[in-house]
Amino acid sequence: MAMKYDLRLLEASSRTPRVRPQETGSLAFNRRAFLKAASLPCLAACAGAVIGRQDAVPIFAASLAEDESQFIREAKFYDKQPYRKIKCKLCPRECVIDDRERGYCGVRENRGGTYYTLVHSRVVTSHVDPIEKKPFFHFLPGTVAFSIATAGCNVNCKMCQNWDISQVRPEQVRSSYAPPQRVAELAQQNQCPTIAYTYSEPVIFYEYLADCAEASHGLGVKSVVVTGGYIQQEPLQKLCRQVDAIKVDLKAYSEKFYKEVVNAEMKPVLDALVTIRKHGVWNEIVYLVIPTLNDSDAEFKGLAKWVKSELGPDVPLHFSRFHPEYLLKNLPPTPVETLERAKAIADAEGLHYVYIGNVPGHPAENTYCPKCRKIIVERTGYTVSTVHIHNNKCQYCQQAIPGVWRA
Ligand code: SF4
């Protein structure tokens, strides 16, 4: 039965956002892309996909903000320093910021020795997306997520697919006032069992995320986070107690790559993955495979060994296809053979759930039972056609299958 979406706008506006949100490491799959894809015979199966219903329809209409004060709240994680300076303790960058200055992410400002977020309730894009687009493959498959983002990011990936919202200051993009309770209600009205904090970097809108998660839990709506995982331990531990699933984009298994391509460090991201796992929050990992930059056998092997030893073999690992974007338009899309090589290496290391992403129709989009090897979740692109999991077990052989399969 087709779902009905409540598209009543929070603010009247004749204009829609200029942004075209894409998940990091996912296909540029807006309405035009979908129609194009659906017209290809090899993607015919996508024609009835969940994506075809309302993806890329903005929920909140964006406009240039008239009242800035409605977006401002005191930040949660920072230390006061002499001379009205502050040190931000939200992410490992630990910006030290003078009065009237902002941190690296551009959405936090020191005003007289008190630190503020400028993006609370300041949504720049909002959509109803398939949860498979995030991607979460072991979390409520076949459902849709009410997806929101603010401007800003605490890293600067050269392959960013959403640079037009992540690499700007809040004043540079149209936004809407979307208070947490309203977000929770709209998710519920649109029959979304989850709210996804996504597209840009949820770490930098931490306070808003936390308030939305609290409001949505009050209505029985879960919260899932799509993040680069570049966050300090204290805020992460609190976040783990507030949200239901976290997908981490591990950009590479190399400090060199993180330094040169992301302008960050890898170690805090690995630490974050361990913490998420310890807290029992459902976690999946996406690794965007970029030709010549992070596609060596040694890197795939090192990654798979680390995941298995530190997180265990049951964490889903998605090897995702790169498409030229932003500052890496000089590189070609990832050959499918490279993704298959990565998967073969990770499989051989003993990981149970290794997927290939952004290659619609590839057999490695399906979930296979690690014991009987039968297909237990069948997917094409963002479409889930069958699920053979009952009471968290394979219907064929009763093997326990980790994940959250029912709301
Ligand atoms: S969250 Fe922003 S201000 Fe805080 S340390 Fe990270 S980049 Fe700097």
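The values are calculated or read from the model by the stated rules, or taken from the named source; none is laboratory data. Small disclaimer: the values here were computed from a predicted structure and weren't measured. When we count neighbours, we look across all protein chains shown, and the Cβ atoms used for this are built from the backbone with ideal geometry, even at glycine. Accessible surface areas use protein heavy atoms only, side chains included; no ligands, DNA or RNA. Shrake-Rupley method; radii C 1.70, N 1.55, O 1.52, S 1.80 Å.
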Sort out which residues of the stretch 144-158 are within 16 Å of the ligand (Cβ to nearest atom) and out of contact with any strand residue (DSSP E or B) (no Cβ under 8 Å at 6 or more places or on another chain), and write them in order of number. Gly152, Cys153, Asn154, Val155, Asn156, Cys157
Strands (runs of 3 or more DSSP E) completely within the stretch 298-382 that count 1 or more residues being touching a Lys or Arg at 6+ places or on another chain (Cβ under 9 Å): 317-321, 354-357
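The rows are residues; the columns are (1) in contact (Cβ under 8 Å) with a residue 24 or more places away in the chain; (2) of a type in the set (S, T, N, Q); (3) more than 22 Å from Gln188 (Cβ to Cβ).
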position: Cys212; (1), (2), (3): yes, no, no
position: Ser216; (1), (2), (3): yes, yes, no
position: Val226; (1), (2), (3): yes, no, no
position: Glu234; (1), (2), (3): yes, no, yes
position: Gln242; (1), (2), (3): yes, yes, no
position: Glu255; (1), (2), (3): no, no, yes
position: Tyr258; (1), (2), (3): no, no, yes
position: Leu270; (1), (2), (3): yes, no, yes
position: His279; (1), (2), (3): yes, no, yes
Quick check, is Gly52 surrounded by fewer than 16 Cβ atoms within 10 Å (Cβ to Cβ), over 20 Å from Arg174 (Cα atoms), out of contact with any Lys or Arg (no Cβ under 6 Å at 6 or more places or on another chain) and modelled with pLDDT under 95? no
Being touching a residue at least 24 places away in the same chain (Cβ under 8 Å), touching a strand residue (DSSP E or B) at 6+ places or on another chain (Cβ under 7 Å) and under 19 Å from Phe137 (Cβ atoms): is that true of Leu311 here? no
Residues of the stretch 151-184 that turn out to be hydroxyl-bearing (Ser, Thr, Tyr) and open to solvent by 10 Å² or more (accessible area, probe 1.4 Å), as a count: 1
Hits in the stretch 80-95 (condition: open to solvent by less than 70 Å² (accessible area, probe 1.4 Å) and either touching a residue at least 40 places away in the same chain (Cβ under 8 Å) or of a type outside the set (A, V, I, L, M) (or both)): Gln81, Lys87, Cys88, Lys89, Leu90, Cys91, Pro92, Arg93, Glu94, Cys95
